[in-house]
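Q: The structure is given below, and queries will be raised subsequently.
The values are calculated or read from the model by the stated rules, or taken from the named source; none is laboratory data. Note that this is a predicted model, so its numbers are computed, not measured. Cβ placement follows ideal geometry from the backbone for every residue including glycine, while neighbour counts extend to all protein chains displayed. Quick note on the areas: whole protein, heavy atoms, side chains included, nothing else; ligands and nucleic acids left out. Shrake-Rupley method; radii C 1.70, N 1.55, O 1.52, S 1.80 Å.
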Amino acid sequence: CWGCWGLNPNSGDLEKSPHSDPDPWEILNRHKRSWVWNQFFVLEEYTGNEPLYVGKLHSDVDKGDGKVKYVLSGEGATSIFTIDENTGDIHATKRLDREAQAYYTLQAQAVDRLTNLPVEPKSEFVVKVQDINDNEPKFLDGPYLAGVPEMSPLGTMVVQVAATDADDPTYGNSARVVYSIIHGQPYFSVEPKTGVIRTALPNMDRETRDQYVLVIQAKDMVGQMGGLSGTTSVTVTLTDVNDNPPRFTHKSYQYTVLESLPVQSVVARIKAADFDIGSNAEMDYRIMDGDGPGMFNITTDEDTQEGVIILLKPLDFETKSSFSLRIEVTNRNIDSDFLSLGPFSDTTSVKVTVEDVNEPPVFSSPLSKMVVSEDAKVGTSIGRVSAHDPDTSNSAIRYSIDRNTDLERFFNVDALSGVISTAKPLDREANSIHNLTIFAIENPTQIGKGIALITVQDINDNAPVFAIDYETLLCENAMPGQVIQTISAVDKDEPLSGHRFYFALAAPAAGNLNFTLRDNKDNTASILTKRGGFRRREQPVYHLPVLIVDSGSPALSSTNTLSVRVCDCDSDGVALSCGAVAYTATGLSTGALLAILGCIITLLVMVLLIVTMRRRRKEPLILEEERDIRENIVRYDDEGGGEEDTEAFDMVTLRNLNVIRDPSVRRDVTPDTPTFFHYPSGTRPSYKSLPDNVVFREFIWDRLKDADVDPSAPPYDSLQTYAFEGSGSVAESLSSLESLSTDSDQNYDYLSNWGPRFKKLADLYGNSDGTSVLS
């Protein structure tokens with residue numbers, strides 16, 4: 001049996017309490033316990049230098065001989081709490097914070113020191129951290145923003161603030177908070193227990209001051225000395241109410257406008273002062289009375305709350321030069337609680353003065369309607385337009401026509417009188433109405449405009465014609481008296497009484513034996529057959545002249561030809577084929593004819609291709625004489641003339657084709673090969689004994705002779721490649737120094753004939769004094 005000693009937080013005496021956690025080990029080895037426990041207490045934030053004593057564990061098994069050892073486990077064991085394994089004393093080695101952890105659950109056990117076997121069952125106990133006042137109140141939702149209507153009565157609630165204290169509210173007064181106002185008096189107050197902020201003065205005016213900043217304090221320990229405190233700010237804004245009526249800043253206003261101001265333009269803007277804001281400052285304006293009824297209107301500009309005076313009718317300085325208006329302004333949203341501060345309306349007078357401007361001429365009638373006959377002669381007067389100068393000066397006016405409205409110049413206007421007359425013959429059918437713009441000109445900057453609407457009256461000047469191009473089909477099996485076509489007519493004229501057309505066959509066809517015409521008296525006529533037995537082979541088409549006469553005065557007529565095609569029809573009278581019969585052995589369709597035509601064109605193209613290819617094969621394979629490849633000398637990039645001569649060998653002589661080409665020489669026989677070097681004995685020496693400029697020529701002509709007499713060569717010229725580099729130097733070297741040191745009798749006088757490129761060599765080798773020059 002084992003127990004503990006601990007402090008009771010209330011009495012300070014030793015406490016004994018039962019423990020009811022038996023386990024199987026305890027049931028088998030039950031002993032009488034002297035003391036049991038369930039909790040210890042320890043103060044938070046202990047600041048001593050020594051570990052804080054918490055309590056003592058003791059077991060009845062412990063006889064004080066050191067055979068029992070006490071072991072502690074659980075939350076904070078060894079790290080925060082330690083136990084003396086010999087005495088069972090428990091100490092706290094660190095400062096504890098109740099707000100971080102309010103209690104710790106530990107397990108204690110007594111074990112045999114030698115075997116480490118338990119001598120008592122494990123028991124659990126709690127160490128509670130006892131609170132001290134170490135946390136100040138805090139406003140978690142601060143700072144606060146609040147609003148209260150202006151002119152509110154005394155004690156109107158504004159907002160409620162709340163502070164929290166992290167200390168233990170169940171122990172002492174550490175967490176009991178009271179509120180007070182530090183800054184913001186005498187306008188507002190705060191309830192100490194609830195934190196409710198209320199107005200402390202009545203009728204606070206937003207227009208005087210619209211914002212207040214309060215400082216609220218929360219203090220624990222019920223506000224007693226030594227308590228901790230925290231503060232927050234509360235910004236209180238007075239919201240607007242409609243407690244200010246609108247007032248005009250002046251009793252009268254004067255404005256000046258030009259008489260040329262367009263309708264719906266702004267004449268003036270006036271504004272009444274209202275110290276309220278938002279919807280409480282919205283106003284409506286109206287014109288109460290004035291000497292210009294219907295001339296003006298006033299509306300409210302919703303953005304600026306100004307009264308906008310609008311012109312509704314044109315101004316005329318000569319008629320009226322000034323207007324007086326009486327204008328009223330009223331608050332749109334009136335608060336009944338503040339009617340005593342009214343009235344919420346005001347009036348003012350507005351005088352509008354009209355200034356004279358130089359106005360353009362004005363037509364007596366903006367639209368002048370005139371009528372002219374279609375057959376009016378050129379120069380016929382149609383009507384007259386009239387305009388006047390509205391200014392007091394009454395200046396002279398000249399008239400003209402806007403030619404953009406009379407592009408073809410059908411009309412003229414007299415510049416002084418304004419009389420409009422015809423300038424060209426008119427055609428109602430081309431243009432029945434002419435809309436002319438007439439200018440009335442006072443000066444180049446003052447021009448008035450009027451409209452002259454001229455209607456051209458119709459006369460009967462167009463003969464009637466067929467309404468459409470008729471396609472009349474007549475079946476070969478048609479019966480006599482059968483209607484084969486109904487015709488009608490049109491006339492470009494438009495008589496007032498409407499059209500009336502008369503139809504008849506023209507004189508050449510009046511007595512024909514094939515067709516007759518019946519006038520239906522309704523502006524239509526029917527074409528009927530007189531006989532039957534029509535045959536396409538006999539006559540495929542009949543041309544029937546029809547005379548059409550209108551009812552105009554004088555009456556006009558025209559002869560229109562109706563073509564009647566004879567057709568082969570089925571039993572229902574549907575035409576199968578019309579016109580002349582094709583005299584062909586077989587009736588081929590259009591598709592078959594197109595296919596045959598395509599085959600013929602294809603054959604012609606193939607023949608042309610074959611002929612072209614044969615012509616190309618017949619062309620001679622022998623190249624033109626001017627393009628003889630074998631007689632072209634290829635330029636070699638050989639260097640010569642010594643070390644100082646870096647230019648290519650001069651092949652001008654070899655490239656001269658005129659020298660070696662002889663047109664009279666036949667190509668099919670062995671040519672007599674000419675030579676360009678005259679030998680003294682008449683025999684050709686070896687290449688080594690020839691001058692260098694002759695070596696190449698002789699070599700090429702030898703190869704040409706071999707090719708001409710070769711029986712296996714083709715009968716046309718071919719390109720021959722000669723890999724001949726010359727016969728070599730007598731001195732066996734190209735070095736000019738070595739050449740001078742040799743004892744050669746070679747004559748180099750020919751170098752002077754090779755051109756300027758070999759001049760250096762010619763000077764060195766071309767005379768017998770060359771050695772003495774170098775020495």
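Q: With every protein chain in place, what's the accessible area of Glu302 (1.4 Å probe, Å², nearest 10)?
A: Answer for Glu302: close to 100 Å² accessible.
Q: Calculate, in nm to one decimal, what Arg326 and Met288 gain on full extension: separation in residues at 0.36 nm each, minus their alpha carbon distance.
A: Gain in length upon complete extension: 13.1 nm.
Q: Can you give the accessible area of Lys377 in Å² (nearest 10), computed on protein heavy atoms with a 1.4 Å probe?
A: Accessible area, nearest 10 Å²: 150 Å².
Q: Where nothing but the Cβ of Lys and Arg (+1) and of Asp and Glu (-1) is charged, how large is the charge dipole of segment 488-577 around its Cα centre, in debye to the nearest 20?
A: I would put it at about 420 debye.
Q: Could you please report the charge total around Phe188, scoring K, R as +1 and D, E as -1 over all other residues with beta-carbon less than 13 angstrom from its beta-carbon?
A: So the environment of Phe188 carries a net charge of +1.
Q: Let me ask you something else. With every protein chain in place, what's the accessible area of Tyr399 (1.4 Å probe, Å², nearest 10)?
A: Accessible area of Tyr399: about 20 Å².
Q: Distance from a point 7 Å along Cα→Cβ of Ser558 to each backbone N in segment 424-463: keep the residues under 13 Å and list them by number.
A: 461-463
Q: Ranked by accessible surface with a 1.4 Å probe, highest first, in what order do Tyr104, Tyr750 come?
A: Values: Tyr104 20, Tyr750 40 Å².
Accessible-area ranking of Tyr104, Tyr750, largest first: Tyr750, Tyr104.
Q: Heavy atoms only, probe 1.4 angstrom, no DNA, RNA or ligands counted: give me Arg269, Arg247 ranked by accessible area, highest first.
A: Highest to lowest solvent-accessible surface, that is Arg269, Arg247.
Q: Which FRET efficiency value, to the nearest 0.05, is calculated for Leu604 and Val371 with the Förster distance at 56 angstrom and r the Cβ-Cβ distance?
A: 0.20
Q: Ordering Met225, Met613, Met151, Met288 by accessible area with a probe of 1.4 Å, largest first, what comes out?
A: Per-residue accessible area, sorted high to low, gives Met225, Met613, Met288, Met151.
Q: With +1 on each Lys and Arg Cβ and -1 on each Asp and Glu Cβ, how big is the dipole of segment 293-353 about its Cα centre, in debye rounded to the nearest 20?
A: Details: 5 positive and 10 negative charges, 82 e Å.
Computed about the Cα centre, the dipole is about 400 debye.
Q: Any idea how far the Cα center of segment 281-326 sits from the one of segment 407-452, in Å?
A: Using only Cα atoms, the two centres lie 40 Å from each other.
Q: Rounded to the nearest 0.05, what FRET efficiency do Ala467 and Leu597 give with R0 = 35 Å and r taken as the Cβ-Cβ distance? Could you check?
A: After rounding to 0.05, the efficiency reads 0.30.
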